[in-house]
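The values are calculated or read from the model by the stated rules, or taken from the named source; none is laboratory data. These numbers come from a predicted model, not from an experiment. For neighbour counting, all protein chains shown are included, and Cβ atoms are generated from backbone atoms with ideal geometry for every residue, glycine included.
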């Protein structure tokens, strides 16, 4: 690789890094645990990466933990263009795939072609949820909402009148991706219902 090619490659890498700084500005619907503000998508991705390290013992199958961290770090970059779609927004979730595909094309396309293909493949893998790593990553992505809503007085569950059935459907990937955590999910949802944070 000549000096000019190296410089052009670095410029594309820096352009991507600068662009993804905008993830810090994407506000999610989820409130922080203290209930004082909405979290941003960059904070969410960092939290999932840390959860991946701490909770790996609850996964039933062998996995590449470093790869799980790659998946969670890139999974919400598309929200820079597509925005955060509330988990229980039926209409928004209909248009979400098309919005996120377009965002993935643009954002990962900022990188040099080899890195663009690699990071885009990680995003596609997370979305498909078929590998052990993607199942675990998706489990964590669902679990974090449970942790937050049960520590900030019901949060978005209470605000939107979410039912026990809807909450358990949303949390179902935890049963597949980290089955050791599923009893905790069931107990916690039952307690949230008893507290009046989830409807019948």
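Okay, here's what the table says:
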read-out	value
Residues of segment 14-43 satisfying the condition of being within 21 Å of residue 106 (Cβ to Cβ) and surrounded by 13 or more Cβ atoms within 10 Å (Cβ to Cβ)	16, 19, 20, 22, 23, 26, 27, 28, 40, 41, 42
Segment 180-189, residues that are loosely packed, with under 15 Cβ neighbours inside 10 Å and either in contact (Cβ under 8 Å) with a residue 40 or more places away in the chain or under 17 Å from the mean Cα position of the chain (by Cα) (or both)	180
Some residue of segment 58-65 being assigned to a helix (DSSP H, G or I), more than 19 Å from residue 177 (Cα to Cα), touching a helix residue (DSSP H, G or I) at 6+ places or on another chain (Cβ under 8 Å) and modelled with pLDDT of 95 or more	no
Filter result for the condition that a residue is in a loop (DSSP other than H, G, I, E, B), surrounded by 15 or more Cβ atoms within 10 Å (Cβ to Cβ), touching a helix residue (DSSP H, G or I) at 6+ places or on another chain (Cβ under 6 Å) and in contact (Cβ under 8 Å) with a residue 24 or more places away in the chain, over 103, 87	87
Unique residue being free of Cβ contacts under 8 Å to residues at least 24 places away in the same chain and touching a helix residue (DSSP H, G or I) at 6+ places or on another chain (Cβ under 9 Å) when the list is 137, 192, 117	117
Helices (runs of 4 or more DSSP H) fully within segment 127-200 counting 2 or more residues that are within 27 Å of residue 99 (Cα to Cα)	132-149, 155-160, 164-177
Selected residue [farther than 20 Å from residue 25 by Cα and more than 16 Å from the chain's Cα centre (by Cα)] from 117, 134	117
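The rows are residues; the columns are (1) in a helix (DSSP H, G or I); (2) modelled with pLDDT under 95.
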{"residue": "4", "(1), (2)": "yes, yes"}
{"residue": "9", "(1), (2)": "yes, no"}
{"residue": "17", "(1), (2)": "yes, no"}
{"residue": "21", "(1), (2)": "yes, no"}
{"residue": "33", "(1), (2)": "no, yes"}
{"residue": "43", "(1), (2)": "yes, no"}
{"residue": "49", "(1), (2)": "yes, no"}
{"residue": "52", "(1), (2)": "yes, no"}
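Yes/no per residue for (1) touching a strand residue (DSSP E or B) at 6+ places or on another chain (Cβ under 6 Å); (2) over 25 Å from residue 130 (Cβ atoms); (3) free of Cβ contacts under 8 Å to residues at least 40 places away in the same chain:
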position	(1), (2), (3)
21	no, yes, yes
32	yes, yes, no
38	yes, yes, yes
52	no, no, no
59	no, no, no
66	no, no, yes
79	no, no, no
